[in-house]
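The values are calculated or read from the model by the stated rules, or taken from the named source; none is laboratory data. What you see is a predicted model; the values in this text were computed from it and never measured. Cβ placement follows ideal geometry from the backbone for every residue including glycine, while neighbour counts extend to all protein chains displayed.
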Amino acid sequence: MRHEHLISAKQLSREDIETVLDRAAEIAADPEAVAEACDGSLLALCFFEPSTRTKMSFETAITRLGGDATDMGGVESSSVKKGESLADTVRVIEGYADAIVLRHPSEGAAKLASQFVDVPVINAGDGAGQHPTQTLLDLYTIRENAGFDDLSVGIMGDLKYGRTVHSLAHALTNVDANQHFISPESLRLPRSVRYDLHEAGANVHEYTEIDDVLGALDVLYVTRIQRERFPDENEYRQVAGEYRIDAELLESADDELTVMHPLPRVDEIAADVDETNHATYFEQAHNGVPVRMALLEAML
Amino acid sequence: MTDTELRVSKIRNGTVIDHITAGQAINVLAILGIDGSSGEEVSVGMNVPSDRLGRKDIVKVEGRELSQNEVDVLSLIAPAATINIVRDFDVIEKHRVSRPDVVSGVLSCPNANCITTGDEPVESQFEVLDDGVRCTYCETIIRDSIAAHISVA
């Protein structure tokens, strides 16, 4: 990893990905070996949108590397509420910390922030844009469970607003993967992601019904309909609950199918799936710590 | 003297932007930030006959020589435009517009959720693609009606 900032999964080469994942595997096997790797480093957590997994796993990761985190707190209690620009906010915070982890509701926020500071900016989600560190832990989970060769990955749900989808789709162009996208017409991949996939020569297939492709998949990546990003609540209601998997549906899947989800889920994966061998989403969430430890070790 | 020249008078010193896509002259002036407020004489011909284009627009700006960088952005809305630099009524330079790699501050991003549409101290910036432009912040691609996104006054 030679990147000053991590803004988009498009920055990641196959070599970058393998380097982080290999290191994450080493760290997962022996976390004590890196207990002082970032001793004295301070990570700023700037979350302008709610987060549980991403924020806590970054905080856990830096703590387990011997460093510390400082949290901007909620937007309601910060100067953002007084009208401060993002550019000003990050310029202040770079004076406090060695790197900034930023989540923001606007697309392009992390890129903008990176232009105003000298410390590394790590994009922890920018609106419906990108979420590259989620992608790294997704890839780690895929590699552990299904490998990177001759892979068939289904990505289902909100492909339009789902930033984890946009990042993962591009990152998968680095490996030997066929990508199958399953969504209602209104939530298909945005034009910009299609453009990148086309430019990268990706093998892309699209469906409106999961039944049409389920049996061919090694990995099924399910996503939540991003209610908060719909400009119109009625538009959300038209597709809410439309894409849902349960244990009965998965009986027609390959026995080795890995079911993933970036979480939180609402109703798109029934609770009975948790008891099947397919369920990998909690393991996936746990992988966020060693992967982010490997990333922070490389960037700090 | 041709019919076109009768409608749009010759200039002594300045720039003639010819072969503008018909109907785009006002957008050309907007992109160049020419609104008459700084006193330059500007002549505009719209929908005038053209051998090459059938109909075209033409803009003449007295007393100002536009640079290549200034006019290249016009390629987004007027790809056939030609630029003539005039001194003492003679055309001393003639060149076509060429597509730049990036345009800054000219277009506004149509994505209302793009960080550049808020109150941040940055100019919009678009990468120029073969068949459109792409916001370098939120990555939104504009293919059609680029002129509708011109943000300069």
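Residues in segment B:140-153 that are outside any strand (DSSP E or B), within 14 Å of another protein chain (Cβ to nearest Cβ) and closer than 17 Å to B:LEU74 by Cα: B:ARG143, B:ASP144.
For segment A:230-248, the tally of residues that are surrounded by 15 or more Cβ atoms within 10 Å (Cβ to Cβ) and not small (Gly, Ala, Ser) stands at 6. Among the residues making up segment A:62-81, a single one is in a helix (DSSP H, G or I), of a type in the set (Ser, Thr, Tyr) and either within 14 Å of chain B (Cβ to nearest Cβ) or touching a helix residue (DSSP H, G or I) at 6+ places or on another chain (Cβ under 9 Å) (or both): A:SER79.
Does A:PRO120 satisfy the condition of being surrounded by fewer than 23 Cβ atoms within 10 Å (Cβ to Cβ) and in contact with a Gly (Cβ under 7 Å, 6 or more places away or on another chain)? Spell out the reasoning first.
On the way: surrounded by fewer than 23 Cβ atoms within 10 Å (Cβ to Cβ): yes; in contact with a Gly (Cβ under 7 Å, 6 or more places away or on another chain): no.
Criteria not met by A:PRO120.
Scanning segment B:83-123 for residues that are small (Gly, Ala, Ser) and at the interface with another protein chain (Cβ under 10 Å from one of its Cβ atoms), which turns out nearest to A:ALA128 (Cα to Cα)? Lay out the reasoning, then the answer.
Applying the first criterion (small (Gly, Ala, Ser)) to segment B:83-123 yields B:98, B:104-105, B:108, B:112, B:118.
From what's left, at the interface with another protein chain (Cβ under 10 Å from one of its Cβ atoms): B:112, B:118.
Details: B:ALA112: 12, B:GLY118: 16 Å.
Applying the filter and picking the extreme gives B:ALA112.
Can you tell me which residue in segment B:115-132 is nearest to A:SER85 (Cα to Cα), limited to those that are within 18 Å of the chain's Cα centre (by Cα) and polar (S, T, N, Q)? The residue in question is B:SER124. Out of A:GLU59, A:GLU107, A:GLU49, A:GLU84, one residue alone is within 14 Å of another protein chain (Cβ to nearest Cβ), acidic (Asp, Glu), surrounded by 15 or more Cβ atoms within 10 Å (Cβ to Cβ) and more than 17 Å from A:HIS5 (Cα to Cα). It is A:GLU49. Restricted to segment A:87-104, and to residues there that are charged (D, E, K, R) and either in a strand (DSSP E or B) or more than 12 Å from chain B (Cβ to nearest Cβ) (or both), the residue that is farthest from B:GLU139 (Cα to Cα) is A:ASP98. Among the residues of segment A:250-265, write down those that are outside any strand (DSSP E or B), touching a helix residue (DSSP H, G or I) at 6+ places or on another chain (Cβ under 7 Å) and touching a residue at least 60 places away in the same chain (Cβ under 8 Å). A:PRO262, A:LEU263, listed by residue number. Residues of segment B:77-92 include at least one that is free of Cβ contacts under 8 Å to residues at least 40 places away in the same chain and either in contact with a helix residue (DSSP H, G or I) (Cβ under 7 Å, 6 or more places away or on another chain) or not hydroxyl-bearing (Ser, Thr, Tyr) (or both).
Can you name the residue in segment A:215-229 that is modelled with pLDDT of 95 or more and over 14 Å from the mean Cα position of the chain (by Cα) and is also surrounded by the fewest Cβ atoms within 10 Å (Cβ to Cβ) among such residues? Steps first, answer last, please.
Keep residues of segment A:215-229 that are modelled with pLDDT of 95 or more, which gives A:215-223.
Those still in the list that are over 14 Å from the mean Cα position of the chain (by Cα) too: A:215-220.
Details: A:GLY215: 11, A:ALA216: 14, A:LEU217: 25, A:ASP218: 20, A:VAL219: 24, A:LEU220: 27.
Within segment A:215-229, the match that is surrounded by the fewest Cβ atoms within 10 Å (Cβ to Cβ) is A:GLY215.
Checking each residue in segment B:107-139 for being surrounded by fewer than 23 Cβ atoms within 10 Å (Cβ to Cβ), part of a loop (DSSP other than H, G, I, E, B) and not small (Gly, Ala, Ser) picks out B:PRO110, B:ASN113, B:ASP119, B:GLU120, B:PRO121, B:VAL122, B:GLU123, B:ASP130, B:ASP131, B:THR136.
Among the residues of segment A:1-31, which ones are at pLDDT 95 or above and either more than 21 Å from A:GLN284 (Cα to Cα) or assigned to a loop (DSSP other than H, G, I, E, B) (or both)? Full working, then the answer.
Narrowing segment A:1-31 to residues at pLDDT 95 or above: A:5-31.
If the condition is that a residue be at pLDDT 95 or above and either more than 21 Å from A:GLN284 (Cα to Cα) or assigned to a loop (DSSP other than H, G, I, E, B) (or both), then A:HIS5, A:ILE7, A:SER8, A:LYS10, A:GLN11, A:LEU12, A:SER13, A:GLU15, A:ASP30 are the ones that fit.
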